[in-house]
Amino acid sequence: MRVEEETRALERAQEELRVARENLLAERKLLDATMACLPGFFFMVDEEGRYQRWNKNVENTLGYSPEELQGRDARDLVPSEDREKIRKATERGFRTGSFEVEYRNMRKDGAKIPYYAQGIATEINGQRYLIGIELDLTKLKDTERALRESEDHLRSLMETATNFAVYRIAFENGDPEKASVVFVSPSIEEILGVTEPKNLNNWFENIHPEDRRRIIKAHFSLPRKTRADEAMRVFDSNSSTWRWVQFLSTSVMDENGLLKYSNGIIFDINIRMELTEKLKRKRNFRKRQTSLPK
């Protein structure tokens with residue numbers, strides 16, 4: 001009887017061990033699958049900064065085999081000028097429980113790739129580790145560089161403009177009465193004859209009385225219209241004459257459909273309007289000449 005009880009107890013223990021092993025294997029598979037699905041690197045390093053676990057992305061991107069990575073100091077894969085940064089981030093992670101750092105990883109061929117790493121400290125079987133993820137910043141850096149170049153081009157365009165001006169106007173809650181100038185070319189001072197171009201109200205001061213109401217109406221129609229195209233006369237104090245200018249404006253809406261920005265350009269069309277007027281007078285003169293009795 002006792003032998004039978006011991007046998008059943010052993011069988012139960014063996015069954016519990018089998019179930020525990022299966023659960024452990026399932027958890028391991030789930031972890032491996034999670035690591036494989038991550039968009040960047042997954043890593044797990046010990047207190048000496050040596051690799052204990054990682055996902056395939058590390059191998060595929062940096063060009064190292066599993067054998068080359070196992071137990072390797074993670075700082076070996078970082079350019080020498082970034083290693084102190086990694087050392088401090090690792091110390092901070094173990095000391096405070098978390099860390100984040102921006103640095104560069106180095107491929108086996110020597111190419112350097114910008115990365116952002118974030119992780120936390122944890123303890124497994126009495127041993128402390130840092131686990132986390134690393135994301136490739138290459139596209140972000142390229143975007144930032146392109147944005148800086150675009151800003152430089154725009155700034156150059158704004159500063160060197162002579163007979164035209166570019167601008168952006170921001171609207172609070174889509175309200176034309178709560179508009180403010182984000183940026184505008186310095187040349188607008190000459191084109192519109194204003195001395196304080198950051199004050200939008202000044203833009204309307206020198207407009208011909210016959211045109212001012214129409215231009216103000218166009219400004220207030222921007223929340224409903226995606227584009228405005230108007231010609232107007234402004235007073236030129238240097239020559240004491242009225243000059244023709246034209247403005248083209250495009251509306252930018254926010255996610256709620258409210259007017260967010262108005263991007264536009266103002267340019268001098270006085271010569272064009274003068275030529276148009278001359279041609280018009282010539283055509284009228286010819287009409288009168290041909291209509292005279294012979």
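Here are some notes:
- Residue ID - modelled with the lowest pLDDT, chosen from residues in the stretch 156-168 that are assigned to a strand (DSSP E or B) and hydrophobic (A, V, I, L, M, F, W, C): 164
- Of everything in the stretch 73-82 that is surrounded by 16 or more Cβ atoms within 10 Å (Cβ to Cβ) and not hydrophobic (A, V, I, L, M, F, W, C), the residue that is modelled with the lowest pLDDT is 75.
- Note on the stretch 228-247: among residues that are polar (S, T, N, Q) and assigned to a strand (DSSP E or B), the one that is surrounded by the most Cβ atoms within 10 Å (Cβ to Cβ) is 246.
- The set of residues from the stretch 248-273 being in contact with a Phe, Trp or Tyr (Cβ under 8 Å, 6 or more places away or on another chain) and either assigned to a loop (DSSP other than H, G, I, E, B) or not aliphatic (A, V, I, L, M) (or both) comprises 251, 258, 260, 261, 262, 263, 264, 267, 268, 269, 270, 272.
- Selection from the stretch 73-119 of residues that are farther than 15 Å from residue 45 by Cα, touching a residue at least 40 places away in the same chain (Cβ under 8 Å), of a type outside the set (S, T, N, Q) and not in a loop (DSSP other than H, G, I, E, B): 106, 113, 115
- Unique match (being over 30 Å from residue 86 (Cα atoms), at pLDDT below 85 and not in a loop (DSSP other than H, G, I, E, B)) among 153, 219: 153
- The stretch 121-143: number of residues that are exposed (fewer than 12 other Cβ atoms within 10 Å of the Cβ) and under 25 Å from residue 92 (Cα atoms): 5
- Residue in the stretch 137-149 that is modelled with pLDDT under 85 and closer than 24 Å to residue 249 by Cβ present: yes
- Scanning the stretch 71-108 for residues that are over 20 Å from residue 55 (Cα atoms) and of a type in the set (D, E, K, R) turns up 81, 82, 83, 84, 85, 87, 88, 91, 92, 95.
- Test: residue 207 is at pLDDT 85 or above, exposed (fewer than 14 other Cβ atoms within 10 Å of the Cβ), β-branched (Val, Ile, Thr) and over 25 Å from the mean Cα position of the chain (by Cα): no
- In the set 262, 240, only one residue is small (Gly, Ala, Ser) and without any contact (Cβ under 8 Å) to a residue 60 or more places away in the chain; that residue is 240.
- Positions within the stretch 183-207 being in a strand (DSSP E or B) and closer than 19 Å to residue 241 by Cβ, in sequence order: 207
- The combined condition, being more than 19 Å from residue 133 (Cβ to Cβ) and in the same structural domain as residue 129 (by TED's automatic domain parsing), is not fulfilled by residue 118.
- Matching entry among 256, 238 (being under 29 Å from residue 172 (Cβ atoms) and polar (S, T, N, Q)): 256
- Residue under evaluation residue 236, criteria (1) out of contact with any helix residue (DSSP H, G or I) (no Cβ under 6 Å at 6 or more places or on another chain); (2) modelled with pLDDT of 90 or more; (3) of a type in the set (D, E, K, R), criterion not met: (2)
- The stretch 83-99, residues that are surrounded by 13 or more Cβ atoms within 10 Å (Cβ to Cβ) and of a type in the set (Val, Ile, Thr): 86, 90
The values are calculated or read from the model by the stated rules, or taken from the named source; none is laboratory data. Predicted model, so just to flag it, every value in this text is computed and none were measured. Note: ideal-geometry Cβ built from the backbone for every residue, glycine included; neighbour counts use all protein chains shown.
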